[in-house]
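The values are calculated or read from the model by the stated rules, or taken from the named source; none is laboratory data. This is a predicted model, so every value here is computed, not measured. We place every Cβ from the backbone using ideal geometry, glycine too, and count neighbours over all the protein chains shown.
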Amino acid sequence: MMDLEYLPYDVLLEILHRLPVKSLIRFRCVSKSWNSLITSPAFINSNLTRTRSHSDSNKLIVRYLDVALRVERYKLIHEDNDNNVSSSEEIQDLKLPLRSSRLSYFQLVGSANGLFCLYEGNRCILWNPCIRKFITLPNPSVTAEFFCYLAFGFDSRTNDYKVVRIAYKSDTRYEGAKPPLVEVYSVNEGSWRVTSGGDSYPPKITMSIRPQQAASLNGAVYFVANDWGNAQSFIVLSFDLGDEVFRLICLPYGKFGSDDRIFTSEFKGLLSLICYESWHYIYSIWVMKEYGIVDSWTKQFTIDLNMQYWKVLRFWKNDHVLVQKMQSGGLMLFSYDPESQQVKNLGFCKSTGCSYADNYVENLVLLDKPNEVVPKEESEQEEEVQSVGCHICLRWCSEIVFSAKSAFRQKITTIRRRTEGCSRVMWQ
Amino acid sequence: MKFCAVKQYFDDENNNNITSGASTTMIPLPNVESHPLAILITYCKKHLKIKANNADNKKETEKEMEQYEQELLKKVMPQELTELILAANYLNFKEALDFFCRAVASAIQNKSIEFVRKFFGLESDFELGEEEKLREEFAWSFEGVDED
């Protein structure tokens, strides 16, 4: 036992920085000084820097949409040094404590270092599953008259997370169209700020018709876009979180057809494209070896797994590919090693729709923000769902939602979705 | 020289142009007890020995060092760890400081608030009800904590 007076402040920091997040959260209760130390922006910041530098890419946080309607869940998958895969108890089927006010799920804007950005309509939230805390962003000031696009990224130069909101005023396919207005929310500043980003928006560029999450790497966010000045060909549009300027990155000529589906991603710290070649049912992975040099785009490898309903999610463990496969009752996650071409099972998610995964880093971000209380009507509502699977196309065709809020079970809504190509709908 | 504070002493002596016979100079270390100092000296010697034995194989050095550290931890009481940390901090012995801080963090990470307070000799200074409020807010972080 020893006297606190003799424990130097920097020594205490050395000990605290080596504790897992769960312990840090609990030890807020040790004393007032420990509480203010752990929740100080400086500590949160340096903790993030340390965990990022020590992290390996062996941990994934997976977001999936539970079969019960409007509930999204999170789980951690990691591989230890002996290549054993396990699901962590710390984040195992963790439920987002908010429900979408519509009969649907929150849309995912993106994630970085395990911090998620979600939105619905005008409500945008940031959610840190590691400390189980969320904040609702204030309303942005710009109204999107035409179309609005969101992206989320991390800027390591300032250890800041940013939400980028691109509000289109007109159809930017055409010459002379009004450029969009760009607003950025910074977690450090805690507010939205209108930028002059729109000034650098290149002409005749639109976001890809089926917008996916923008990749976030090296302090910028990257979108797949279409260049209407060049026969609607694919191009990558980037927005730098530091200087807040748009830039274009051309793709190798003639390699991508209009039927291909392309997603931006990160591969070993480099900008990469995940391309689904619909005519061949295979994925090809392209990597930009030298940033900004179009000729350095390299087809790294192709993936042909000879199975149905599978999709590439991202890369992990350096160059391994995370794959999801839809099957009866949910999704199976696999890890594919392009060198050995071996496939490893990572576990099953009872999910409807696609899952999403990010590399996981323990962090305390948002801990210093004011707490938000979940409105009673959102948290109390219990919903029981009977879901029906279609055995023909192996998709979820219909869902019936019951409200168990009162003593009587009321069928509050029925949602029926018919999947393309399947004519059969089953009722239970 | 691993004990940076001691090294500093020698550097200062050299700067003052005093010929220091290393074998006969006595360096005062008022803030370090003899027991933790002995352990630190042993740790340091062992570390240098392992490093010398595995000159180009960094991984092997790390592995052997880890094994030694595990053995050492078995012999050291948790309460002694804080003394060792203070000694390593005073001597500016970075490797030992890192190791012992990790050991303390490992020893306390799954423990209760009461245990941690006792360990560091702290007392709760919260207002009435403040602590309860915090505990309620992050109730999940109290799950699975070791019994005292």
- Query: Does the range B:112-121 contain at least one residue that is surrounded by fewer than 16 Cβ atoms within 10 Å (Cβ to Cβ), charged (D, E, K, R) and away from chain A (no Cβ under 11 Å)?
  - Reply: no
Inspect the range B:37-58 for any residue being modelled with pLDDT of 90 or more and within 11 Å of the chain's Cα centre (by Cα) and give the result as yes or no. no
So, first residue more than 8 Å from chain B (Cβ to nearest Cβ) in the range A:19-48, second residue surrounded by fewer than 19 Cβ atoms within 10 Å (Cβ to Cβ) and of a type in the set (Ser, Thr, Tyr), Cβ within less than 9 Å, six or more apart or across chains; the pairs are A:Leu37/A:Tyr9
For the range A:275-286, pairs from a residue that is within 18 Å of A:Arg314 (Cα to Cα) and touching a residue at least 24 places away in the same chain (Cβ under 8 Å) to a residue that is in a strand (DSSP E or B) and of a type in the set (Gly, Ala, Ser), with Cβ under 8 Å and 6 or more apart or across chains, are A:Ile285/A:Ser272; A:Trp286/A:Ser272
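Just the residues that are assigned to a loop (DSSP other than H, G, I, E, B) and either among the small types (Gly, Ala, Ser) or surrounded by 15 or more Cβ atoms within 10 Å (Cβ to Cβ) (or both), please, taken from the range A:179-196.
Of everything in the range A:179-196, those that are assigned to a loop (DSSP other than H, G, I, E, B) and either among the small types (Gly, Ala, Ser) or surrounded by 15 or more Cβ atoms within 10 Å (Cβ to Cβ) (or both) turn out to be A:Pro179, A:Pro180, A:Val187, A:Gly190, A:Ser196.
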Residue set A:Asp66, A:Asp80, A:Asp93; condition touching a strand residue (DSSP E or B) at 6+ places or on another chain (Cβ under 8 Å) and at positive phi; output residue A:Asp93
Scanning the range A:7-18 residue by residue, those within 9 Å of chain B (Cβ to nearest Cβ) and hydrophobic (A, V, I, L, M, F, W, C) turn out to be A:Leu7, A:Val11, A:Leu12, A:Ile15, A:Leu16
Screening B:Glu136, B:Glu132 for residues that are outside any loop (DSSP other than H, G, I, E, B), acidic (Asp, Glu), over 17 Å from A:Arg18 (Cα atoms) and more than 10 Å from chain A (Cβ to nearest Cβ) leaves only B:Glu136
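This table checks each residue for (1) free of Cβ contacts under 8 Å to residues at least 60 places away in the same chain; (2) over 29 Å from A:Lys59 (Cβ atoms).
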| site | (1), (2) |
| --- | --- |
| A:Arg132 | yes, no |
| A:Ser141 | yes, yes |
| A:Phe146 | yes, yes |
| A:Phe154 | no, no |
| A:Val163 | yes, no |
| A:Pro180 | yes, yes |
| A:Glu183 | yes, yes |
| A:Thr195 | yes, yes |
Across the range A:197-216, the tally of residues that are surrounded by fewer than 21 Cβ atoms within 10 Å (Cβ to Cβ) and closer than 29 Å to A:Phe134 by Cα stands at 4
### Yes/no for A:Asn218 being touching a helix residue (DSSP H, G or I) at 6+ places or on another chain (Cβ under 9 Å) and of a type outside the set (Gly, Ala, Ser)
no
Of the listed residues (A:Asp243, A:Asp260), the one being of a type outside the set (Val, Ile, Thr) and without any contact (Cβ under 8 Å) to a residue 12 or more places away in the chain is A:Asp243
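Go through the range A:237-246 and report how many residues are surrounded by 20 or more Cβ atoms within 10 Å (Cβ to Cβ) and aliphatic (A, V, I, L, M).
2
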Looking for something surrounded by 14 or more Cβ atoms within 10 Å (Cβ to Cβ), part of a helix (DSSP H, G or I) and of a type in the set (Ser, Thr, Tyr) - is there at least one such residue anywhere in the range B:84-95? yes
When B:Leu48 is run through (1) more than 9 Å from chain A (Cβ to nearest Cβ); (2) touching a Phe, Trp or Tyr at 6+ places or on another chain (Cβ under 8 Å), the failure sits at (2)
Restricted to the range B:62-115 and to residues being among the small types (Gly, Ala, Ser) and free of Cβ contacts under 8 Å to residues at least 12 places away in the same chain, the residue nearest to B:Cys4 (Cα to Cα) is B:Ala105
Going through the range A:223-235 in order, the residues found to be buried (at least 23 other Cβ atoms within 10 Å of the Cβ) and over 15 Å from A:Ser200 (Cβ atoms) are A:Val224
A careful count of residues in the range B:70-83 that are away from chain A (no Cβ under 11 Å) and surrounded by 15 or more Cβ atoms within 10 Å (Cβ to Cβ) gives 3
Going through (1) away from chain A (no Cβ under 13 Å); (2) surrounded by fewer than 17 Cβ atoms within 10 Å (Cβ to Cβ) one by one, B:Glu64 fails only at (2)
Picking from A:Val187, A:Val142, the residue that is among the aliphatic types (A, V, I, L, M) and more than 24 Å from A:Tyr74 (Cβ to Cβ) would be A:Val142
The condition from (1) modelled with pLDDT under 90; (2) under 24 Å from A:Asp56 (Cβ atoms); (3) not hydroxyl-bearing (Ser, Thr, Tyr) that A:Lys350 misses is numbered (2)
